[in-house]
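Peer 1: The following block contains the structure, expressed as structure tokens.
The values are calculated or read from the model by the stated rules, or taken from the named source; none is laboratory data. Remember, it's a predicted structure, so these values are computed and weren't measured experimentally. Cβ sites come from the backbone with ideal geometry, for glycine too, and all protein chains shown count toward neighbours. The area values use the complete protein model at the heavy-atom level, side chains included, leaving out ligands, DNA and RNA. Shrake-Rupley method; radii C 1.70, N 1.55, O 1.52, S 1.80 Å.
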Amino acid sequence: MYIDIKPTAEKITNNITSRISNLDIQPKLVAVTYKPDDSTISYLKSQQKTSRKFNIKYEIFEAISPQNIFKLLNELSKDNTVHGIFLTHPLPDVNEIEALIQINPDKDVEGRHPYNLGMLAYGNEKFPPCTAEAIIKILEDITNITGKNAVIIGRSTAVGKPLALMLLRKDRSATVTICHTKTQNLENITKNSDIVIAAAGKANLITKNMVKKNSIVIDVGINVVNNKIVGDVSKDTSEIADVTPVPGGVGKITTLLLMEHVVKSVELMLKNSNK
Ligand SMILES: NC(=O)C1=CN([C@@H]2O[C@H](COP(=O)(O)OP(=O)(O)OC[C@H]3O[C@@H](n4cnc5c(N)ncnc54)[C@H](OP(=O)(O)O)[C@@H]3O)[C@@H](O)[C@H]2O)C=CC1
Ligand SMILES: Nc1nc(=O)c2c([nH]1)NC[C@@H]1CN(c3ccc(C(=O)N[C@@H](CCC(=O)O)C(=O)O)cc3)C=[N+]21
């Protein structure tokens, strides 16, 4: 079966709408990109569409060189009209951490600055990375995570690692395995898991024969094959497991949560300025 993410999306949408209606100022999100790949282009489109729906101001800055990324992030961090800064990943030819530390942690709506990621490791989820948070929200709406065996395929600092930290938090307490390209016998691990999270960026990496009957499979992958968006999980997997669809699955919730974080950033800014 495919998992219906509409109830999760609706809850988040209603929450954002009501919080925005209480603000006197229009939130603004900016995206900084450099040599965007297919999945980044798909995300930027999704951000554009979703920000319009909530009447959040949105602007994309395409850097012309690695040096230009640093300059843009610096300027946008100081700009009082900007509440959220999104920096695309991957960034070819750029030291990503050097770029991330240019972002004001209060505007780091994806929680990628080392300060926010460090806070996450301590269980503080002020700005949890949106994709990891999306996966947690989908899972919490359909199952009880505690004690479940969860395998994450992918160890990126953008998705796999923060997700592992979030699944391990004491109030969730999943048993977590993380796999990558050097993992041997991937199918032995996936076959014994209650929850499989595929975040590798490889179409058809997970197939029906690799998963346990009635397990939950979260498809994070965004791959463009023959001009169409597909995930990391083959279609037939949904015959024996509950799978999130691509498109219209994790990506949709990720985009909504990014918007929610921009609203949160404005709320915190206003709260601090009233102190
Ligand atoms: N739906 C959404 O909201 C989002 C979707 N994405 C998508 O998710 C995917 C992953 O993104 P991201 O984490 O940024 O990607 P990265 O390329 O940074 O990381 C991919 C990870 O997957 C591992 N991997 C790749 N191939 C295999 C394989 N055959 N077997 C096991 N592990 C493998 C890599 O291992 P190693 O470390 O050994 O190289 C690496 O750890 C992409 O398709 C991206 O577009 C990303 C963010 C949000
Ligand atoms: N710093 C950073 N953070 C990310 O989270 C990040 C990133 N960089 N780089 C690229 C990948 C990919 N990604 C997507 C998220 C949602 C959709 C999405 O919502 N897609 C629509 C389809 C849109 C369409 O049809 O074009 C859907 O799945 O329904 C797509 C892609 C986030 N990523």
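Peer 1: Report, by residue number, each residue of the stretch 92-116 that is open to solvent by 10 Å² or more (accessible area, probe 1.4 Å) and either in a loop (DSSP other than H, G, I, E, B) or at positive phi (or both).
Peer 2: Pro92, Asp93, Val94, Asn95, Ile101, Gln102, Asn104, Glu110, Arg112, His113 - these are the residues of the stretch 92-116 that are open to solvent by 10 Å² or more (accessible area, probe 1.4 Å) and either in a loop (DSSP other than H, G, I, E, B) or at positive phi (or both).
Peer 1: From the residues in the stretch 36-64 that are among the hydrophobic types (A, V, I, L, M, F, W, C) and open to solvent by 40 Å² or more (accessible area, probe 1.4 Å), which one is nearest to ligand 2 (Cβ to nearest atom)?
Peer 2: That would be Ile41.
Peer 1: Which one is surrounded by the most Cβ atoms within 10 Å (Cβ to Cβ) among residues in the stretch 146-177 that are part of a helix (DSSP H, G or I) and in contact with a helix residue (DSSP H, G or I) (Cβ under 8 Å, 6 or more places away or on another chain)?
Peer 2: Residue satisfying both the conditions and the ranking: Leu163.
Peer 1: Of all residues in the stretch 239-248, which are closer than 16 Å to Leu44 by Cα and either buried (at least 24 other Cβ atoms within 10 Å of the Cβ) or more than 10 Å from ligand 1 (Cβ to nearest atom) (or both)?
Peer 2: Gly248
Peer 1: While we're on this one: Which of the residues that make up the stretch 223-234 are at negative phi, surrounded by fewer than 24 Cβ atoms within 10 Å (Cβ to Cβ) and either within 16 Å of ligand 2 (Cβ to nearest atom) or at pLDDT below 95 (or both)?
Peer 2: Correct list: Asn223, Val224, Val225, Lys228, Ile229, Val230.
Peer 1: Still on this structure: Taking the stretch 134-184 as the search range and keeping residues that are of a type in the set (D, E, K, R) and either within 8 Å of ligand 1 (Cβ to nearest atom) or in the same structural domain as Asn95 (by TED's automatic domain parsing) (or both), which one is farthest from Leu100 (Cα to Cα)?
Peer 2: Lys182
Peer 1: Condition first: surrounded by 14 or more Cβ atoms within 10 Å (Cβ to Cβ) and either of a type in the set (Asp, Glu) or more than 19 Å from Pro129 (Cα to Cα) (or both). Now tell me which residues in the stretch 178-191 satisfy that.
Peer 2: Cys179, Thr183, Leu186, Ile189, Thr190, Lys191
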